[in-house]
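First comes the structure, then the notes that go with it.
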Ligand code: ARG
């Protein structure tokens with residue numbers, strides 16, 4: 001190689017390295033998503049009525065909300081399924097454009113990801129087998145509690161000092177409860193109601209609002225324009241009643257988050 005060519009190659013390599021240094025790890029943007037024409041959505045579809053599987057179709061409240069947002073942004077939606085504890089890490093690593101999984105916004109999560117404004121306010125609830133001696137939160141002490149791995153239910157129960165058995169998938173937590181492997185299952189309130197409806201008389205949802213869980217969509221840090229674009233649609237949907245109508249369709253009383 002000629003000296004000049006060598007130098008050029010070196011300069012080029014340096015420029016590439018530097019531009020990657022400046023660009024790599026940066027957030028996502030609405031421009032990038034619209035250019036791609038598709039938004040990739042990481043989701044754990046074991047969370048009815050927000051997202052669950054109907055055959056191989058992902059259906060639910062969040063699917064309907066996402067469809068409207070994507071339509072407004074002029075992009076297609078591509079779902080990628082995974083366990084809940086992979087959703088936020090995948091989004092944070094820039095593997096997916098958005099995390100959609102009934103994700104509760106917490107101060108800790110906000111340090112590692114960007115969130116839209118909340119669009120619903122949930123809480124943690126307790127499900128017990130019919131006839132259980134657990135009738136309220138205070139009875140959970142000393143019992144074995146099922147939770148889903150990586151959720152706010154898990155961190156809440158651990159903070160309360162409960163004995164916790166974590167399951168990757170909510171369906172496994174449900175079977176653990178009905179087969180008597182655990183004494184109770186702590187899960188988000190509307191999900192508790194949906195599973196109880198599936199499980200019939202075998203279980204009871206206790207009327208305890210243990211936490212306050214604002215749900216939002218998650219992005220890699222530095223995705224301000226994307227968050228803004230989502231927020232615009234979410235605000236409009238809340239204001240014109242579309243959001244509430246979607247929840248009503250699924251038999252859920254809409255609880256608006258604080259705006
Ligand atoms: N809201 C809870 C959390 O953010 C549970 C979410 C679980 N979502 C799911 N699709 N399984 O930790």
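Quick notes on this structure:
- Virtual spin-label span in nm between residue 258 and residue 169, 7 Å along Cα→Cβ: 3.8 nm
- When you work out D = kT/(6 pi eta Rh) for the chain at 37 °C and 0.692 mPa s, using the Kirkwood radius from C-alpha pairs as Rh and the Stokes-Einstein form, the result is 165 µm²/s.
- The range 31-60 versus the range 110-179: alpha-carbon centroid distance in Å: 23 Å
- More than 20 Å apart - percent of Cα-Cα pairs taken over the range 62-197: 51 percent
- The C-alpha atoms of the chain define a longest principal axis, and helix 61-73 lies at about 30 degrees to it.
- Highest-fluctuation residue, 140, 88, 53 considered, GNM on the chain with Cα pairs under 10 Å: 53
- Between helix 224-239 and the chain: long-axis angle, C-alpha atoms, 0 to 90°, nearest 10: 40 degrees
- Rounded to the nearest 10 degrees, the inclination of helix 3-23 to the longest alpha-carbon principal axis of the chain is 30 degrees.
- Relative intensity, log₁₀ I(q)/I(0), of the range 80-146 from a Debye sum that treats every alpha carbon as a point, q = 0.19, 0.21 Å⁻¹: -0.85, -0.92
- Pairs of Cα atoms farther than 21 Å apart, the range 129-219, %: 24 percent
- Theoretical ellipticity at 222 nm over the chain - DSSP helices of four or more residues, -39500 (n - 2.57) apiece, nearest 500: -12500 deg cm²/dmol
- Counting every pair of alpha carbons in the range 24-66, the share spaced more than 16 Å apart comes to 50 percent.
- At R0 = 25 Å, FRET efficiency that the Cβ-Cβ distance of residue 209 and residue 179 yields, to 0.05: 0.35
Bear in mind these aren't lab numbers, they're just calculated from the coordinates by the rules spelled out. Worth saying up front: this structure is predicted, and the values here are computed from it rather than measured. Note: ideal-geometry Cβ built from the backbone for every residue, glycine included; neighbour counts use all protein chains shown.
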